[in-house]
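The values are calculated or read from the model by the stated rules, or taken from the named source; none is laboratory data. Predicted, not measured: the structure shown is a model, and the values here were computed from it. Every residue, glycine as well, gets a Cβ built from its backbone with ideal geometry; the counts of neighbours run over all protein chains shown. We work out accessible area using only protein heavy atoms, side chains counted, and drop any ligands, DNA or RNA first. Shrake-Rupley method; radii C 1.70, N 1.55, O 1.52, S 1.80 Å.
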Number of protein chains: 4
Amino acid sequence: MEKNEPAVPGEPNFTAHEVKVLNAGFVRLVDWMGSDVDIVRAARVSYQAAWRAGKDEGSDAKLIRSLIKRGHTSPFEHVVLKFDVRAPIFVFRQWHRHRVWSYSEASARYSELDMGFYEPERENIGAQSMTEKQGRVTENWAPENATMNATAVQSIIRDHNSVAQRTYRQLLEMGVARELARVVLPVSAYSQMFGTVSLHNLFNFIRLRSDSHAQYEIRVYSDAMLKLAKHVAPIAVQEFINKNWPEGDNPE
Amino acid sequence: MEKNEPAVPGEPNFTAHEVKVLNAGFVRLVDWMGSDVDIVRAARVSYQAAWRAGKDEGSDAKLIRSLIKRGHTSPFEHVVLKFDVRAPIFVFRQWHRHRVWSYSEASARYSELDMGFYEPERENIGAQSMTEKQGRVTENWAPENATMNATAVQSIIRDHNSVAQRTYRQLLEMGVARELARVVLPVSAYSQMFGTVSLHNLFNFIRLRSDSHAQYEIRVYSDAMLKLAKHVAPIAVQEFINKNWPEGDNPE
Amino acid sequence: MEKNEPAVPGEPNFTAHEVKVLNAGFVRLVDWMGSDVDIVRAARVSYQAAWRAGKDEGSDAKLIRSLIKRGHTSPFEHVVLKFDVRAPIFVFRQWHRHRVWSYSEASARYSELDMGFYEPERENIGAQSMTEKQGRVTENWAPENATMNATAVQSIIRDHNSVAQRTYRQLLEMGVARELARVVLPVSAYSQMFGTVSLHNLFNFIRLRSDSHAQYEIRVYSDAMLKLAKHVAPIAVQEFINKNWPEGDNPE
Amino acid sequence: MEKNEPAVPGEPNFTAHEVKVLNAGFVRLVDWMGSDVDIVRAARVSYQAAWRAGKDEGSDAKLIRSLIKRGHTSPFEHVVLKFDVRAPIFVFRQWHRHRVWSYSEASARYSELDMGFYEPERENIGAQSMTEKQGRVTENWAPENATMNATAVQSIIRDHNSVAQRTYRQLLEMGVARELARVVLPVSAYSQMFGTVSLHNLFNFIRLRSDSHAQYEIRVYSDAMLKLAKHVAPIAVQEFINKNWPEGDNPE
């Protein structure tokens, strides 16, 4: 898909660059600047040979591989991607710890938040890992977790979302200020934002968040962005994957 | 109070630099580097007269006033403050949009979150402002808000906090992974973090968050830090207040 | 000019977005992402009305004006500009203090620096200001500067540039490592870089560097970028000028 | 040495934390905040066990090692160091590309720059490497460099520094504005700055600048800061060295 197709929400082809995530989330690549050839040009400015780039694709790929291998990061800062993201609040809480993105998020002070709630799929409901403090075990639960039933957990979360939603509506209908009424919303509530980031900083995000220790619910967003970034800079993204997942167990 | 008193939690004087905030929150100034004299030295290095500083307090105050007036910000970056903060999640959500702080926050993946919930005082419960999209009106509600009763609102929020707490405990007792069980927690739940920031960036935070358009619940944290920063750099903080609240309606 | 014309150096139309600066410098707008409509969309996401944008240009301008007036900066972070800049080292020294740009600069370690030297025009040669520590007076020099002759100053600088150039070449011809030979280069030597920045951060740069207290030699680069940014977001740039130069004494 | 000794320039013990570098440069650790125990506390806040820290040094070292091994960086951001540095302009040019430091540097617009010039020692004068584009060879020069004589190179650089110094003085005595006269100064001229940085970002600096591919003249500053940082957080610095120079070929 070319950049210049009218990627305007509401128009038929807008979702061409969309990946659906979780029960009601998505990541959309809505704009970008630059490509593999711009990475090469930025690297070559350092030895004033910038403009050979784009003539010889073999040497470009070799240069990009070498930049990634040696950790030369500044050329990847001139490629910029803009995403439209819908995710639960607890995912955005982790996301916003990445301080080099630009964020514009829906505000529950300015308008009512009404984008649904996260409900885990049965296969993603898991027990507390006994070996990893932050982990979740979704297969072969130990006997001590025998009381746990994925369907029951799903019901409890779904019911709680409904209760929170009703309480939120009740407060709003009483005339309570939006900024105060929203305190009853659980972190499972979906919100939406634009997030803009350079390819260099996107790689740092993905290295952490597509890692097997990252929480499943943010990992799927990270994996989706890795896939979408291939539209922008396919050579750089492939070399990044080769370096970080050399066994081929890549997160696509 | 001198910096070198043993400001160790659990020891008697730890809370000397603490301000209690909301129903169960606090801000503690737990460490810092630099003072007014360091601002002056950093400014004077630009004309290589750094070391006169500290000899003549009158001229130091005059220099600091001039730096603040003309917007020369880099000298204020060499003074650094470290806070220990307990606040509701919806306050941290706003806080973390400030991307130049260093944050280390409690994780509900690593341990159970059990620090209570925000309950507004009756006098801080207010109606949606009709004139300010993001605002709250706490006095002289218009007749259309007659159905709103602060005591009733308080009860609804308190009851919802209890329900959420019970549901969270229930999921944990079933063995559900902490990172998943926490999705039912409302954004009223308290969390805790260390936040480290330069005086320059603290001023930017306070300018926005002690403003009358900021949400009440973050404004009280911002006001508390302004007060605590006076222990570190009294002249600079006073000049900052004089510039931003010239009418004397300052947020202390 | 449309973005999609082939803005490739060496091709005829590359310099369409170029401003020549000083005796041998330039600023070229080589790529960008976003426009006025994207600022509006990023602002409206906060109240979930993002996609009305672009339908009603009058209301868009009003919203942008309001954002600039109230200092709401995050919507301007989703518009990104990439410049190709040739400037003297002492100008880059000031430029690089702006820490939110992405930079890729020619390296005198990797290749010989051979882009000429800054030579001031006669009308920009001036005396030390007696009233402003950092200033330069180019008109009506006081009698005590009577010994200063702009033509003589110009000759001294030009001759020194030649001497430095010869010494640099001599060291290189002796086989001295490039990274060492370059230490004799004066800060008048030209270098070149790509610089990528959001519109928000470009505005911060221009506010400081197009100010009357900024050094003339960086001011002309700042003024040039202000002019070029109008191709990208004409409404936002005009509102920015209106706010910062209300008397019409704008830096274009 | 304790932090609270009066580390005031001009007083006898100020240079206790100084490392002399190159022919006329230095790095001084002039202030800091935090220590190993603060890294541990920041890490433990994530599981709300912050205050055990400091009781059991063995477990603290183990935790710090684990943080470094797994790349958990935020706890290292709460330890902050402030350096006073005198270095040649070409070294500061590389230094300032690190955008997460706070810098306050002497300005040649505000005062005359008069701190001497870099002159390489004979053993650091080297030929252009034929195998590394950015490298310098100081031993066993190939025959094609036979014309190069370290003593001659030293003389050429020293003489050029003198010429530049005289030209600079001449322009100043003619009354030329300082900001313009300085354009004849070579990048070998020394300047001075305060630089403030978190331990996390200092580690990033040292990883790049104490590397064998870094230019010798910045490497010595990087190595000096590594040594000085041991006064602040000895365990963390040792674990950092162990990870990055596992063969014991560390840059101290």
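Numerical summary
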quantity	calculated
Within segment C:152-236, helices (runs of 4 or more DSSP H) holding 3 or more residues that are hydrophobic (A, V, I, L, M, F, W, C)	C:199-209, C:216-229
Filtered residues of segment C:63-76 (kept if in a helix (DSSP H, G or I), modelled with pLDDT of 90 or more and more than 15 Å from A:VAL30 (Cβ to Cβ))	C:LEU63, C:ILE64, C:ARG65, C:SER66, C:LEU67, C:ILE68, C:LYS69, C:SER74, C:PHE76
Any hit, segment D:54-62, residues being out of contact with any helix residue (DSSP H, G or I) (no Cβ under 9 Å at 6 or more places or on another chain) and at pLDDT 95 or above	no
D:ASP114 within 30 Å of D:SER162 (Cα to Cα) and more than 18 Å from the chain's Cα centre (by Cα)	yes
Residue check for C:ARG99: in a strand (DSSP E or B), out of contact with any helix residue (DSSP H, G or I) (no Cβ under 9 Å at 6 or more places or on another chain), within 28 Å of C:ASN244 (Cβ to Cβ) and open to solvent by 30 Å² or more (accessible area, probe 1.4 Å)	no
Any chance A:VAL79 is at pLDDT 95 or above and among the β-branched types (Val, Ile, Thr)	yes
Residue among A:SER198, A:SER162, A:SER210, A:SER191 that is touching an Asp or Glu at 6+ places or on another chain (Cβ under 7 Å) and closer than 30 Å to B:TYR216 by Cα	A:SER191
Tally of residues being more than 14 Å from chain C (Cβ to nearest Cβ) and either in contact (Cβ under 8 Å) with a residue 60 or more places away in the chain or of a type in the set (A, V, I, L, M) (or both) across segment A:65-97	10
Matching residues in segment B:192-209 - criterion: being farther than 15 Å from B:PHE92 by Cα, out of contact with any strand residue (DSSP E or B) (no Cβ under 8 Å at 6 or more places or on another chain) and open to solvent by less than 20 Å² (accessible area, probe 1.4 Å)	B:PHE203
Test result for B:TYR221, modelled with pLDDT of 95 or more and farther than 29 Å from B:SER66 by Cα	no
Candidates C:VAL8, C:VAL30, filtered to the one that is closer than 30 Å to B:ARG99 by Cα and either at pLDDT below 90 or surrounded by 14 or more Cβ atoms within 10 Å (Cβ to Cβ) (or both)	C:VAL30
Hey, C:LEU180 touching a residue at least 24 places away in the same chain (Cβ under 8 Å) and either of a type outside the set (Gly, Ala, Ser) or open to solvent by 10 Å² or more (accessible area, probe 1.4 Å) (or both) or not	no
Residues of segment A:113-126 classified as exposed (fewer than 15 other Cβ atoms within 10 Å of the Cβ) and part of a loop (DSSP other than H, G, I, E, B), total	2
Hits in segment C:89-131 (condition: among the hydroxyl-bearing types (Ser, Thr, Tyr) and modelled with pLDDT of 95 or more)	C:SER102, C:TYR103, C:SER104, C:TYR118
Test: residue in segment B:138-160 that is at the interface with chain A (Cβ under 8 Å from one of its Cβ atoms), open to solvent by 10 Å² or more (accessible area, probe 1.4 Å) and touching a residue at least 60 places away in the same chain (Cβ under 8 Å)	no
